[in-house]
1. Of the conditions (1) surrounded by fewer than 18 Cβ atoms within 10 Å (Cβ to Cβ); (2) under 30 Å from residue B:111 (Cβ atoms), residue A:74 fails just one. Which one is it?
2. Taking the stated definitions as given, is residue B:78 under 30 Å from residue A:28 (Cα atoms) and over 16 Å from the mean Cα position of the chain (by Cα)?
3. Working only within region A:24-39, note down all residues that are touching a residue at least 12 places away in the same chain (Cβ under 8 Å) and closer than 22 Å to residue B:50 by Cβ.
4. How many residues are farther than 25 Å from residue A:74 by Cα and within 8 Å of chain A (Cβ to nearest Cβ) when one looks only at region B:68-111?
5. Could you list, in sequence order, the residues of region A:41-57 that are surrounded by fewer than 20 Cβ atoms within 10 Å (Cβ to Cβ) and more than 7 Å from chain B (Cβ to nearest Cβ)?
6. Out of the residues in region B:76-118 that are in contact (Cβ under 8 Å) with a residue 60 or more places away in the chain and outside any helix (DSSP H, G or I), state the one that is farthest from residue A:46 (Cα to Cα).
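No lab work stands behind these numbers, since they all come straight from the coordinates. Note that the coordinates shown come from a computational prediction; the quantities given were computed from them, not determined experimentally. Cβ: placed from backbone, ideal geometry, glycine included. Neighbour counts: every protein chain shown.
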């Protein structure tokens, strides 16, 4: 080992250096909320299997103010996830050609967002029709 | 060359991300806001009887498992990379923790759904 102590630039807070990195972090951090929401649903399924009283307890828990705040935040994060997911899709999906021309990024993002709106509306209508 | 297992995890990540992007906002609105607070939908939309009926059908079981498991795998993949971004470089430990949690959640969800008999 030599006694040299070369300057190594710290990587702390690297993602705050650039708006591009901040957007990257915002996009990736949505995963934490996706996981939390999945855990809430997982609890619901487990309580469902334990009978009516247990499941009603879970339903009551959803009605607490903190869970409302939590779900409002999760909803906002999911909307951001949808937007960012299709925003990066031109880079994450294989290159597609339509009629000999490369599909433009705006078309891919727009199609994805339109599909999301339709899918969400479909889910809302199906659930409203049920029960 | 050793075959990479990355495509498996990336596929689960992609499938979960796509499912969340397509119907995630609607699901959160229904289960977290509208039904618990009596908006838009009938108050008994998520009643025990209705949710039991849903989880007794194979289509319902598959849908519930797909949402929970794919969301977990999607999140696990991103969080495992995030931890690296924040300077945690114990790659194997982080992978086992993240993918292991997703795997555990998947097993619990699948087992629980299978125990709900028609």
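1. All conditions pass for residue A:74, except number (1).
2. Working: under 30 Å from residue A:28 (Cα atoms): yes; over 16 Å from the mean Cα position of the chain (by Cα): no.
Judged against the criteria, residue B:78 is not a match.
3. Let us first name the residues in region A:24-39 that are touching a residue at least 12 places away in the same chain (Cβ under 8 Å), namely A:26-27, A:30, A:33-34, A:36-37.
Residue satisfying the conditions is A:37 alone.
4. Going through region B:68-111 one residue at a time, the tally reaches 1.
5. Of everything in region A:41-57, those that are surrounded by fewer than 20 Cβ atoms within 10 Å (Cβ to Cβ) and more than 7 Å from chain B (Cβ to nearest Cβ) turn out to be A:43, A:50, A:51, A:53, A:54, A:57.
6. Only one residue fits best here, namely B:118.
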